[in-house]
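Report on the structure given below.
The values are calculated or read from the model by the stated rules, or taken from the named source; none is laboratory data. Keep in mind that this is a model prediction, so the values were computed, not measured. Cβ placement follows ideal geometry from the backbone for every residue including glycine, while neighbour counts extend to all protein chains displayed.
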Amino acid sequence: MEGPARQLITVEDLRKSFGHAEALRGISFSVTPSSLVVIIGPSGCGKSTLLRCLNGLELFDSGRVHIADVTLERHDGTVPRDLRHRLRLLREEVGMVFQSFNLFPHMTVLANAAKAPMVVKGMGRDDAETRARAVLAKVGLSDRLDYYPSQLSGGQQQRAAIARALTMAPKVMLYDEPTSSLDPTLVHEVLQIMRQLHDEGMTQVVVTHEMRFARDAADRILFMHEGLLVEEGPPAEVFGAPRDPRTREFLKSFL
């Protein structure tokens, strides 16, 4: 593994348990800047837990995460004294998009997108709304600025959620099953935004069951099984000639 200086994300021996259940069993990998990494695997294998550990939403038991110039580390089970400060720095640099859109229902699309830079970065309303308008235009929602989430389709709501994360100008975008709540006809419009961001150089880590997107759009695939990182490599290798029998079994229907 290359060192943090040449990687935007470095994960070393990450472990996380819930009671006696081991969700992450020594995960290590790295992500280069501007790459799109897709994490696949069966339900319950630890994909979402891994993503939540990267963003500090779950505090892992041991290991090290270096992401966007912020390092979280635990080896003896103690909580670092400056954890709150590190998490604040981390969330300024890392955007997160969830399965559920988590938009404020009482706020317009524009207000939803402008809220984070105002609260977290202390940006003035005019500047925040100017940035939000530009980002909402990027995701194709310029004509929905004054709409409320309930007035949007599922695909539009997820694009608004992506825009909200982007208004923070993050260095990394994380997605946890961003299309799982969408009607199949709306999946494409969300995946297209992720492709566009990839073309623009945004570093992205995506947990998804959209195998065609993983194969066609990713720079690298990580396959997880029962809390382990079983196989990783370019899509052509993982989908074309998977080495591990667990990967082959998982991809059997797709292949």
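Restricting attention to the stretch 163-186, and to residues there that are among the hydrophobic types (A, V, I, L, M, F, W, C) and surrounded by 24 or more Cβ atoms within 10 Å (Cβ to Cβ), which single residue is nearest to GLY122 (Cα to Cα)?
Let us first name the residues in the stretch 163-186 that are among the hydrophobic types (A, V, I, L, M, F, W, C), namely 163, 165-166, 168-169, 172-174, 182, 186.
Right, trim to surrounded by 24 or more Cβ atoms within 10 Å (Cβ to Cβ) and you get 163, 166, 174.
Values: ALA163: 18, LEU166: 16, LEU174: 23 Å.
Here the answer is LEU166.
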Residue tally, condition closer than 18 Å to MET96 by Cα and surrounded by fewer than 22 Cβ atoms within 10 Å (Cβ to Cβ), over the stretch 52-64: 5
Qualifying residue in the stretch 133-146 (condition: farther than 21 Å from GLN192 by Cβ and more than 23 Å from the chain's Cα centre (by Cα)): yes
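Could you check the stretch 198-251 for helices (runs of 4 or more DSSP H) lying wholly inside it with 3 or more residues that are in contact with a Pro (Cβ under 9 Å, 6 or more places away or on another chain) and in contact (Cβ under 8 Å) with a residue 24 or more places away in the chain? Can you show your working first?
Numbers: elements: 211-217, 235-240, 245-251.
It comes to 211-217.
Looking at the stretch 67-86, which of the residues that are part of a loop (DSSP other than H, G, I, E, B) and either under 21 Å from the mean Cα position of the chain (by Cα) or touching a residue at least 24 places away in the same chain (Cβ under 8 Å) (or both) is farthest from LEU51 (Cα to Cα)? Give the steps one after another, and end with the answer.
Going residue by residue through the stretch 67-86, those that are part of a loop (DSSP other than H, G, I, E, B) are 68-69, 75-82.
From what is left, the residues that are either under 21 Å from the mean Cα position of the chain (by Cα) or touching a residue at least 24 places away in the same chain (Cβ under 8 Å) (or both) are 68-69.
On the way: ALA68: 14, ASP69: 17 Å.
Among them, the one singled out is ASP69.
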Number of the exception - GLU226 against (1) at pLDDT 95 or above; (2) buried (at least 18 other Cβ atoms within 10 Å of the Cβ); (3) within 26 Å of THR49 (Cβ to Cβ): (2)
Total residues in the stretch 146-181, condition farther than 19 Å from THR208 by Cβ, outside any loop (DSSP other than H, G, I, E, B) and among the charged types (D, E, K, R): 1
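On the given criteria, is THR185 more than 27 Å from LEU24 (Cβ to Cβ) and hydroxyl-bearing (Ser, Thr, Tyr)? Talk me through it step by step, then tell me what you get.
On the way: more than 27 Å from LEU24 (Cβ to Cβ): yes; hydroxyl-bearing (Ser, Thr, Tyr): yes.
Considered against the rule, which asks whether it is more than 27 Å from LEU24 (Cβ to Cβ) and hydroxyl-bearing (Ser, Thr, Tyr), THR185 comes out as yes.
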